[in-house]
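Below is one structure, written out as structure tokens, with a few remarks after it.
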Amino acid sequence: MGVEKVGIDYFTAADSQFTVVVSLHNPNDREIGVDGIDAELRIENVPVGTARLSAPVRLPARGDTTASMIAHADLAASLEASAQIARRLASRADAPPTVRYAVRGAATLDGGTVVPFSRNGEFGLSLTAPTR
């Protein structure tokens, strides 16, 4: 299991939404179910929300798939993350705009097995990111 990508769906002063895509791999000879995934998302080291799997996922034997999860940030987290992004972009004016993220969480498989995962990275920031 790993984090494939993180992106901004929308970012406003009032709130924001992020999508976290995880890749899932089943090395077993039998199908397994992923009952749930919960992951804390941090943007520029600001906790912005928890991303959760909306519905269980079935992984075929020796198969791969991806799952998308949504994290919502409230007003306070959106404003704090926005300020951190702005500070970082101002200090790196000559570099392409990127946003740092950290995702830490766990998947719960059928049978109750818990598989932790984490990833730190960056994603490109479109200066014309969608708003709503």
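Key figures
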read-out	value
Qualifying residues in the stretch 76-124 (those that are of a type in the set (Asp, Glu) and exposed (fewer than 15 other Cβ atoms within 10 Å of the Cβ)) - the one farthest from residue 19 (Cα to Cα)	94
Qualifying residue in the stretch 93-103 (condition: free of Cβ contacts under 8 Å to residues at least 24 places away in the same chain and within 17 Å of residue 41 (Cα to Cα))	no
Single condition residue 52 does not satisfy, out of (1) over 18 Å from residue 122 (Cα atoms); (2) touching a residue at least 24 places away in the same chain (Cβ under 8 Å)	(2)
Boolean, residue 80 is among the acidic types (Asp, Glu) and within 19 Å of the chain's Cα centre (by Cα)	yes
Listing of strands (runs of 3 or more DSSP E) fully contained in the stretch 16-132 that carry 2 or more residues being closer than 22 Å to residue 4 by Cβ and of a type in the set (Val, Ile, Thr)	16-25, 32-43, 46-52, 64-73, 98-109, 114-124
Where residue 32 falls short, out of the listed (1) at pLDDT below 90; (2) in contact with a Leu (Cβ under 7 Å, 6 or more places away or on another chain)	(1)
Any pair with Cβ under 8 angstrom, 6 or more apart, that starts in the stretch 59-86 at a residue that is basic (Lys, Arg) and ends at one that is at pLDDT 95 or above	62/29
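Residue-wise test of (1) among the aliphatic types (A, V, I, L, M); (2) closer than 29 Å to residue 36 by Cα.
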residue: 65; (1), (2): no, yes
residue: 73; (1), (2): yes, yes
residue: 77; (1), (2): yes, yes
residue: 83; (1), (2): yes, no
residue: 94; (1), (2): no, no
residue: 97; (1), (2): no, no
residue: 104; (1), (2): no, yes
residue: 107; (1), (2): yes, yes
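Yes/no matrix, rows are residues, columns are (1) at negative phi; (2) over 17 Å from the mean Cα position of the chain (by Cα):
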{"position": "26", "(1), (2)": "yes, yes"}
{"position": "30", "(1), (2)": "yes, yes"}
{"position": "42", "(1), (2)": "yes, no"}
{"position": "45", "(1), (2)": "no, no"}
{"position": "49", "(1), (2)": "no, no"}
{"position": "59", "(1), (2)": "yes, yes"}
{"position": "73", "(1), (2)": "yes, no"}
{"position": "76", "(1), (2)": "yes, yes"}
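The values are calculated or read from the model by the stated rules, or taken from the named source; none is laboratory data. Since we're looking at a predicted model, the values are computed, not measured. Cβ: placed from backbone, ideal geometry, glycine included. Neighbour counts: every protein chain shown.
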